[in-house]
Amino acid sequence: MLKNKSDSPYQMKLPPLPIKEDEIWDLVRSQYELHPDFINLESGYYNIIPKPTMEKHLKHIKRVNLEGSYYMRNNRFEDKASITAELAIQFGCDPKGLVVTRNTTESLDLVIGGYPWEKGDHAIHAVQDYGAMQDMFSQIEKRHAVEVSKVSVPNHPKNDEEIVSLYENQINPKTKMLMVSHMINITGQILPIKKICDMAHRYGVEVLVDGAHCIGHFNFKIDDLNCDYYGSSLHKWLATPLGAGLLYVKKDHISKIWPLLADHEKNTQNIRRLSHTGTHPVATDLAIIDAIEYLNWIGIERKEKRMQFLKTYWQTALKDVSKILINTPFESYRSCGIGNVGLTNMSPSELSERLYNEYQVFTVAIDYANVKGCRITPNIFTSIRELDHFIGAMKKLAEA
């Protein structure tokens, strides 16, 4: 029974970290199995799992398969409660307001779709927000006759007040909810969430935060944001196996959100009623503890500093190159590991194709919502040699 991480029968054995910084990242890189045919600069969609976590995940799969129905009937829910409690400690929120989900989309759509909307209510989000959540707002717009307003966040804002005012200017007496990205997925820009939440609450507006790229990426606590709802994907920067996310709901709001799937939990104050997952791959949940342990072995502050360094390294090398357009703020408090870069002499799709076909660099093209470029998401396994190769490729393509 996994009452806490020290009870795991598959406790991870990680070596002491070297003293020299370069040796730390060489060791970390050795713990990943990397594809030999291309350089992966698209970690934003899914962070591949380090070998220590992968080994633990495979053992969890074998354990669940061995115990079968015994595990599902006797240990599953207690284990999940322990995992949720560990997540709450690690990322700073009330465990009674936290549930494990499959991803950010499920987390946020549970709130958007389950909110008690009434005809004429009003909601706000940005055109830069993730498409799945925009689609859900479109659905409640049609289903409940809710009015939805959209703002456009500038790639290089003058200050926090400019961003806060974008949302504030759209609020009216009917506004019930505002959705905002903690980190915009297409550019990596970090928004001033607490300032936005404090502003919205003065108008009685609840704030739903898309934190898909933030958990395990940089250091923060959910409680410090003062938000009403927070969703994230754990298989991104926490590097759990695919299919793990979290949803935080402030205690006062739990009872009013309708679950997507009815659950046997009838206490409306219990967050678990929002997370009926049935016979899902429970070994993924078990591996969350191992992913947290791996993150703590590196240290979130050290990881954040490394991610900042990698992003700044390529940004600085390309910022003054003719025909290159940087779509991500340079300030450390406005971005971390994710960036976006484009060329004025070719479309984002052509850029991504040529980076891959000619230079074996894998990225993703972004061409909407005032963003024209490729998202560049290195990871803690990325080497300076790989970034130099990418920088050289961008300079050559800028000359085309």
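The values are calculated or read from the model by the stated rules, or taken from the named source; none is laboratory data. Computed from a predicted structure; not experimentally measured. We place every Cβ from the backbone using ideal geometry, glycine too, and count neighbours over all the protein chains shown.
Working carefully through the options I376, I366, find the one that is under 30 Å from L110 (Cβ atoms), assigned to a strand (DSSP E or B) and touching a residue at least 24 places away in the same chain (Cβ under 8 Å).
Selected residue: I366, the only one of I376, I366 that is under 30 Å from L110 (Cβ atoms), assigned to a strand (DSSP E or B) and touching a residue at least 24 places away in the same chain (Cβ under 8 Å).
Scan region 318-335 and give yes if some residue there is in a helix (DSSP H, G or I), in contact (Cβ under 8 Å) with a residue 12 or more places away in the chain and not basic (K, R), otherwise no. Before you say what the answer is, go through the steps one by one.
Step one: of region 318-335, the residues in a helix (DSSP H, G or I) are 318.
Within this subset, residues satisfying the condition of being in contact (Cβ under 8 Å) with a residue 12 or more places away in the chain are 318.
With not basic (K, R) added as a condition, the list becomes 318.
Checking region 318-335: at least one residue is in a helix (DSSP H, G or I), in contact (Cβ under 8 Å) with a residue 12 or more places away in the chain and not basic (K, R).
Of all residues in region 319-365 being within 18 Å of the chain's Cα centre (by Cα) and buried (at least 22 other Cβ atoms within 10 Å of the Cβ), which is farthest from H156 (Cα to Cα)?
T363
Quick check on my filter: what residues within region 251-309 are within 21 Å of the chain's Cα centre (by Cα), in a loop (DSSP other than H, G, I, E, B) and among the small types (G, A, S)?
Scanning region 251-309 gives S275, G299.
For region 250-272, which positions are under 23 Å from D223 (Cβ atoms), charged (D, E, K, R) and out of contact with any strand residue (DSSP E or B) (no Cβ under 9 Å at 6 or more places or on another chain)?
Matches in region 250-272: K251, D252, K256.
Among the residues in region 370-378, are any out of contact with any helix residue (DSSP H, G or I) (no Cβ under 9 Å at 6 or more places or on another chain), outside the structural domain of F91 (by TED's automatic domain parsing), farther than 25 Å from K150 by Cα and surrounded by fewer than 18 Cβ atoms within 10 Å (Cβ to Cβ)?
no
Does region 53-80 hold any residues that are surrounded by 15 or more Cβ atoms within 10 Å (Cβ to Cβ) and not charged (D, E, K, R), and which are they?
T53, M54, H57, H60, I61, V64, Y71, N75
Taking the condition among the charged types (D, E, K, R) and closer than 21 Å to T84 by Cβ, does D198 pass?
On the way: among the charged types (D, E, K, R): yes; closer than 21 Å to T84 by Cβ: no.
The answer is no for D198.
Name every residue in region 372-400 that is over 12 Å from F38 (Cα atoms), more than 19 Å from the chain's Cα centre (by Cα), of a type in the set (A, V, I, L, M, F, W, C) and at pLDDT 95 or above, in order of residue number.
Those that are over 12 Å from F38 (Cα atoms), more than 19 Å from the chain's Cα centre (by Cα), of a type in the set (A, V, I, L, M, F, W, C) and at pLDDT 95 or above: I384, L387, I391, A393, M394, L397, A398.
Just checking, how many residues over region 10-63 are free of Cβ contacts under 8 Å to residues at least 40 places away in the same chain and in contact with an Asp or Glu (Cβ under 7 Å, 6 or more places away or on another chain)?
Within region 10-63, residues that are free of Cβ contacts under 8 Å to residues at least 40 places away in the same chain and in contact with an Asp or Glu (Cβ under 7 Å, 6 or more places away or on another chain) number 1.
Right, L247: assigned by TED's automatic domain parsing to the domain that holds Q90, in a strand (DSSP E or B) and under 26 Å from G216 (Cα atoms) or not? Break it down into steps so the answer makes sense when it comes.
Values: assigned by TED's automatic domain parsing to the domain that holds Q90: yes; in a strand (DSSP E or B): yes; under 26 Å from G216 (Cα atoms): yes.
For L247, the condition - assigned by TED's automatic domain parsing to the domain that holds Q90, in a strand (DSSP E or B) and under 26 Å from G216 (Cα atoms) - is met.
Restricting attention to region 271-280, and to residues there that are free of Cβ contacts under 8 Å to residues at least 40 places away in the same chain and of a type outside the set (D, E, K, R), which single residue is surrounded by the most Cβ atoms within 10 Å (Cβ to Cβ)? Spell out how you get there, then give the answer.
Filtering region 271-280 down to residues free of Cβ contacts under 8 Å to residues at least 40 places away in the same chain leaves 273, 276, 278.
Keeping just the survivors that are of a type outside the set (D, E, K, R) gives 276, 278.
Working: H276: 15, G278: 7.
Once the filter is applied, the top-ranked residue is H276.
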